[in-house]
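Every read-out reported here was derived from the displayed coordinates using simple, explicitly stated rules and does not represent laboratory data. Not measured: the values here are computed from a predicted model. Here the Cβ positions follow ideal geometry from the backbone for every residue, glycine too, while neighbour counts run over all protein chains shown.
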Amino acid sequence: MTSTNTATAHPPDGAGPPARTPRSGRLAVVAVMLGIFSIVTTEILPIGLLTRIGADFTVSDGMAGLMMTMPGLLAAVSAPVVTVATARADRRLMLCVFMFLLASANLLAAVAQDYWLVLVSRVVVGVVIGGFWSIGAGLAERLVPAESAGRATAVIFSAVPLGSVLGVPAGTLIGDLAGWRAAFAVMGVLAFGVLAMLLLVMPPLPPVRATRLSVLRGMLRGTGTRFALLLTFLIVLAHFGAYTYVAPFLEQVTGAGPGSITVFLLVYGAAGIAGNFLGGAAVARRPRAVFGLAAGLIASAALLLPVLGRWEVGAAVLLVVWGVAYGAVPVSSQTWFAKAAPGSPEAASVLFTASFQATISLGALAGGLAVDRASPSAVMVLGGATAALTVLAVWLTGAPLRRHGWASR
């Protein structure tokens, strides 16, 4: 893909690129990173609080899982729609609007007296995910000098694994101490803090390159993009189909109490951070190997949990393996999309966001159906089997990618 895949949107007269100084640029990058961290944490916050929220509103675990299904579904739709519809709007303004919506959604969930209001708040979260991530992920090169753009991009992307692996245990800990509503209230306050930071440190960002639907359609014809979509679909379906319901599993099968579940999730989170750095260091050189290894470890952990997870030691060890493996997944997936479209970073971010979020939604929905009709152990087995299919898919992609010359990129 080349840079001709993006359309130039000329800013008004006198509105050239913002002046970039090292200090102001770094602060703006941190603001974007904190925004994405807030979004990712908000999205997966219900995982550790699922049973408590369900009990409060007298709904089943599967029905409570809709809190994960709704944001993913809306994010998958809003990523391309919002990015294209706001292509000529100042990016600073859009980031601030999305952060205000995120804060409002969290506070609505915190005070909701009916479950449908919680679901409304999660719909808003989905729109924010699709819009903020698709715009924010490609801003590094506009915020810092060119020689620092690569490092700034890495800082922005670090919000994904940090939010993914810290959000659930942190939210569960707050829920233990002050109730699940307090966890959403804290995220609302954090989002307002990020909004204030964006207003203070983010320079005006008139649109420079507008992503059009024709760009996205062109990317979908590429072999590398199609394989990125396939692998992302399988591994995210496996992970969120099972991990969304890890709290009910630990409660019903392992017999862990609320305090122990919090510790388990914190252990998982720490392992995930390690996995992010290990995977990030190797994925640029060996993307297929990293993706395949991560999928294999997730498959092993999920399939063994119904057997070894009956004991707390076994559950803890398997969650460490799972955490290390999933920590490498977002960076692996994003790397595949970026390699498939090196000249269209915002378009690549749109497809990454849409595919990842759509599959989170499907995974949470499928897992919810399984946990209501069978058991948490059955959900783990289904997730592990799907992760095993990902390993097979990674192995089968090697020859087609080499034949199309994609792997040489």
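Structure above, values below:
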quantity: Calculated FRET efficiency for the pair Ala178/Met63, C-beta based, R₀ 35 Å, to 0.05; calculated: 0.90
quantity: Summed residue charge, Cβ within 15 Å of Pro376's Cβ, Lys/Arg positive, Asp/Glu negative; calculated: -1
quantity: Equivalent ellipsoid semi-axes, the range 15-403, via Cα gyration tensor eigenvalues times 5, rooted, Å; calculated: 32, 25, 18
quantity: Where N is the number of residues in the range 220-261, Cα Rg divided by 2.2 N^0.38 Å; calculated: 1.82
quantity: Mean separation of Cα contacts under 8 Å (6+ apart) over length of the range 15-403, as relative contact order %; calculated: 27 percent
quantity: Cubic angstrom per residue, convex hull over Cα atoms of the range 29-95; calculated: 102 Å³
